[in-house]
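The values are calculated or read from the model by the stated rules, or taken from the named source; none is laboratory data. Computed from a predicted structure; not experimentally measured. Cβ coordinates were reconstructed from backbone atoms using ideal geometry, including for glycine residues, and neighbour counts include every protein chain displayed. Surface areas here come from the heavy atoms of the whole protein model, side chains and all, with no ligands, DNA or RNA. Shrake-Rupley method; radii C 1.70, N 1.55, O 1.52, S 1.80 Å.
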Amino acid sequence: MSENCDQMCSSCSEDCAERKEERTDFTEKLHEMSSVKKAIAVVSGKGGVGKSLVTSMLAVTMNRMGYKVAVLDADITGPSIPKVFGIKEKAKGIDSGILPVKTETGIDVMSINLLLEDDTDPVVWRSPLISGAVKQFWSDVIWEDIDYMFIDMPPGTGDVPLTVFQSLAIDGIIVVTSPQELVSMIVSKAVKMAELMNIPIIGLVENMSYFRCPDNGKDYQIFGDSHIEEIAKEHNLKVLAKIPIDPKISSACDDGKIEHLEGNWLEPIGKMLEKME
Ligand code: ADP
């Protein structure tokens, strides 16, 4: 038995003599017409730190690098992906499955808001139903020839994100933090969850990291000194990118023009993902 044993045999990958429960095959199958080479989950400790921004900017970055990209919006109760891409159309179903909606530059997207008649309707569902919807986005949507899929996860480490991690074949996790948060705790929780699920953490992205003054070009740390580097080192993780607070970013999101936003903050992550085994 491992010294870190938490008695959760069904999600443990170790072959040990004390196993009480069989390991489950957690992997929900993709649709027979789908092909997804790499699926990357984007997580955060709470809402509002920029998880959807990072998910959509990663998709835009990989798309600009010439890859076929998809975004699965698993944030069922707070879906913001269609809005940042300015998608007005609804998803369509065919006999064999559901077709994702294409953004202006050809990114395939699925989100609960593309299925609801009125996208201001709140989703007041209990967790099994929410997790069920995410699983269906994975298995019933036809994701054709996708090189990189980015999954905008529900915030936190609750029931829904846990079920999603247990059900989908995710290749890696990117953790988004912001300097106002209790970053150390959030990163520790993410690391523990990732270990439990046996999914590697690719690294951390700090959003709203600094403000670059347009008058003097100097960077100001609005929320005080960032401790992200020390925390990353403690957990043997990489800080992949730091994104500034920039009104251009919020207006691109609000106007549905994320694909027109200039800024190469996430390009190093793109280069890294290209080399991912
Ligand atoms: P989350 O997905 O974590 O809930 P969002 O990505 O939806 O967060 O971001 C929350 C809000 O903050 C959005 O309105 C977005 O436009 C804004 N925002 C996020 N990051 C930045 C940034 N770096 N600069 C300016 N506004 C930002």
> Does residue 246 meet the test of being open to solvent by 30 Å² or more (accessible area, probe 1.4 Å), of a type outside the set (A, V, I, L, M), closer than 20 Å to residue 103 by Cβ and modelled with pLDDT of 95 or more?
Replying inline: no
>> in contact (Cβ under 8 Å) with a residue 60 or more places away in the chain and not in a loop (DSSP other than H, G, I, E, B): which single residue out of 134, 109 fits that description?
In response: 134
> Out of 248, 233, 242, which single residue is basic (Lys, Arg) and more than 14 Å from the ligand (Cβ to nearest atom)?
Replying inline: 233
>> For segment 164-188, which positions are open to solvent by 30 Å² or more (accessible area, probe 1.4 Å) and either under 15 Å from the mean Cα position of the chain (by Cα) or under 18 Å from residue 127 (Cβ atoms) (or both)?
In response: 166, 169, 171
>> Quick check on residue 88: is it within 16 Å of the ligand (Cβ to nearest atom) and charged (D, E, K, R)?
In response: no
>> I need every pair where a residue in segment 208-230 that is assigned to a helix (DSSP H, G or I) has its Cβ under 9 Å from the Cβ of a residue that is more than 13 Å from the ligand (Cβ to nearest atom) and polar (S, T, N, Q), sequence separation at least 6 or different chains.
In response: 230/184
>> I'd like to know if segment 64-74 contains one or more residues that are more than 22 Å from residue 247 (Cβ to Cβ), among the small types (Gly, Ala, Ser), in contact (Cβ under 8 Å) with a residue 24 or more places away in the chain and away from the ligand (no atom under 13 Å from the Cβ).
In response: yes
> What residue, of 236, 216, 198, is modelled with pLDDT under 90, farther than 23 Å from residue 83 by Cα and surrounded by fewer than 15 Cβ atoms within 10 Å (Cβ to Cβ)?
Replying inline: 198
> Just wondering, is there one or more residues in segment 91-104 that are of a type outside the set (Ser, Thr, Tyr) and within 16 Å of the ligand (Cβ to nearest atom)?
Replying inline: no
> Can residue 83 be described as among the basic types (Lys, Arg), in contact with a Pro (Cβ under 8 Å, 6 or more places away or on another chain) and within 13 Å of the ligand (Cβ to nearest atom)?
Replying inline: no
>> If I ask for residues that are more than 19 Å from residue 103 (Cβ to Cβ), assigned to a loop (DSSP other than H, G, I, E, B) and more than 9 Å from the ligand (Cβ to nearest atom), which ones from segment 32-61 would you list?
In response: 32, 33, 35, 45
>> I'd like the full set of residues that are modelled with pLDDT of 95 or more and surrounded by fewer than 22 Cβ atoms within 10 Å (Cβ to Cβ), limited to segment 64-87.
In response: 64, 65, 66, 67, 68, 83, 86, 87
> Which members of segment 108-122 meet the condition of being in contact with a helix residue (DSSP H, G or I) (Cβ under 8 Å, 6 or more places away or on another chain) and either within 16 Å of the ligand (Cβ to nearest atom) or of a type in the set (D, E, K, R) (or both)?
Replying inline: 109, 111, 112, 113, 119
> Exactly one of (1) closer than 29 Å to residue 7 by Cβ; (2) touching a strand residue (DSSP E or B) at 6+ places or on another chain (Cβ under 6 Å); (3) without any contact (Cβ under 8 Å) to a residue 60 or more places away in the chain is unmet by residue 188. Its number?
Replying inline: (2)
> If we scan segment 151-160, do we find a residue that is touching a residue at least 40 places away in the same chain (Cβ under 8 Å) and at positive phi?
Replying inline: yes
